[in-house]
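Below is one structure, written out as structure tokens; comments come after it.
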Amino acid sequence: MERAEAGEINSNECENESRKKKMSEEFEANTMDSLVDMPFATVDIQDDCRITDEPQINLKRSQENEWIKSDQVKKRKKKQKDYQPNYFLSIPITNKEIIKGIKIVQNAIIQQDERLAKAMVSDGSFHITLLVMQLLNEDEVNIGIDALLELKPFIEELLQGKHLTLPFQGIGTFGNQVGFVKLAEGDHINSLLEIAETANRTFQEKGILAGDSRSFKPHLTFMKLSKSPWLRKNGVKKIDPDLYEKFISHRFGEEILYRIDLCSMLKKKQSNGYYHCESSIVIGEKNGGEPDDAELVRLSKRLVENAVLKAVQQYLEETQNKNKPGEGSSVKTEAADRNGNDNENNRK
């Protein structure tokens, strides 16, 4: 068998390469022809074949916009993941009849299971939560105060000079973990829902993370197992309905909405057991304008602070006057001169 010369081998290889190249070009042309008929041709084909024209630039911009949107979604999800409410809008419960009725229920439950004493909410803390939010610093707290103040005219317009009466009747639970007194059915619930929705919108428009994923259900909490992790460790994993069966339809009384507070969940509570309050709005008047204990405490504190500030200012003024050179001696000289002139006039 004859061996092919080197030149012949090179010639064959060149022909093979040429043939492959031609087949490749024909295949690419056929592929292009078939893809052009597809609905996505104007986008995908131009990108795959590296055609550098205006549609490709638009495509890149579109991709960049998608990346930006994706990044924004990720940031928003991260924000929501990090969202831990630490402030809330509170409607304080001050009606002594309601408080007395709740304490009777609490004592009846404790008599049946003493361990649940650790789960009870103190009477000074009774309230309805209108809205929860996250305020991370003093600036955001101030923004929250401004948002609260903006609610006052809306609520007064909604109520049109009338009182919003909140009647409480019956007992319920959230997953047998939180015990609460129910708000009785009626038109007052719609008014309260409208106030809550407006509060949510007002705070969010100011850039504050506010609201809850759960639907708003006004309630008055009187016990919750989460107050004491010790309970679960000792076998108390739920609130037994039999413990409050006698009060399932009990009428606790009525609370008139007259104040909404911006309260901290984490700061030290007041001496009366109520939450640390950053600011409040008063809706109408209560008992002819008679202030309650919390208002008296805040008023007394403000008066003491003003008195202390006035005393400090007076002390600083007196200290500055004493330190001025020659001022004291000149005053004494003027007084002595007046006394001397008086004596001479008397002798005359």
Item checked: Percentage of interatomic Cα-Cα distances in the range 77-176 larger than 16 Å -> 73
Next item on the list: Name the residues whose placed amide hydrogens come within less than 5 Å of the amide hydrogen of R259, ignoring near sequence neighbours (fewer than 5 apart) on the same chain.
Entry: I283
Note to self: Take E245 and I143, extend 7 Å from each Cα along the Cα→Cβ direction, and tell me the distance between the two endpoints in nm.
What the structure shows: 5.2
Checklist line | Segment E185-Q112, extension gain: residue separation times 0.36 nm, minus the distance between their alpha carbons | finding: 23.3 nm
Checklist line | Pairwise centroid distance, computed over Cα atoms, of the range 99-153 with the range 201-224, Å | finding: 13
Notebook entry, point to check: Between K100 and L136, what is the label-to-label distance in nm when each label sits 7 Å out along the Cα-to-Cβ direction?
Noted result: 4.8
Notebook entry, point to check: Over the Cα atoms of the range 87-287, what Rg and Dmax result, in angstrom?
Noted result: 17.3, 52
Next item on the list: Over the alpha-carbon set of the range 174-254, divide Rg by the Kirkwood Rh and report the Rg/Rh ratio to two decimals.
Entry: 1.06
Check: Can you run phi through the Karplus equation (6.51, -1.76, 1.60; θ = phi - 60°) for the range 176-182 and list ³J(HN,Hα) in whole Hz, with x for Gly and Pro?
Finding: 6, 10, 10, x, 9, 8, 7
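Given the pairs K96/K237; K217/K246; K96/K267; K100/K206; K118/K152, which span a C-alpha to C-alpha distance of over 28 angstrom in this model? Please report the intermediate quantities before stating the final value.
Working: K96/K237 31 Å; K217/K246 23 Å; K96/K267 26 Å; K100/K206 39 Å; K118/K152 37 Å.
Table pairs above 28 Å Cα-Cα are K96/K237; K100/K206; K118/K152.
Where a number appears in this text, it was derived from the coordinates with a stated rule and is not lab data. Quantities reported herein were computed from a predicted structural model and do not represent experimental measurements. Positions of Cβ are generated from backbone atoms using ideal geometry, with glycine treated the same way; all protein chains shown enter the neighbour counts.
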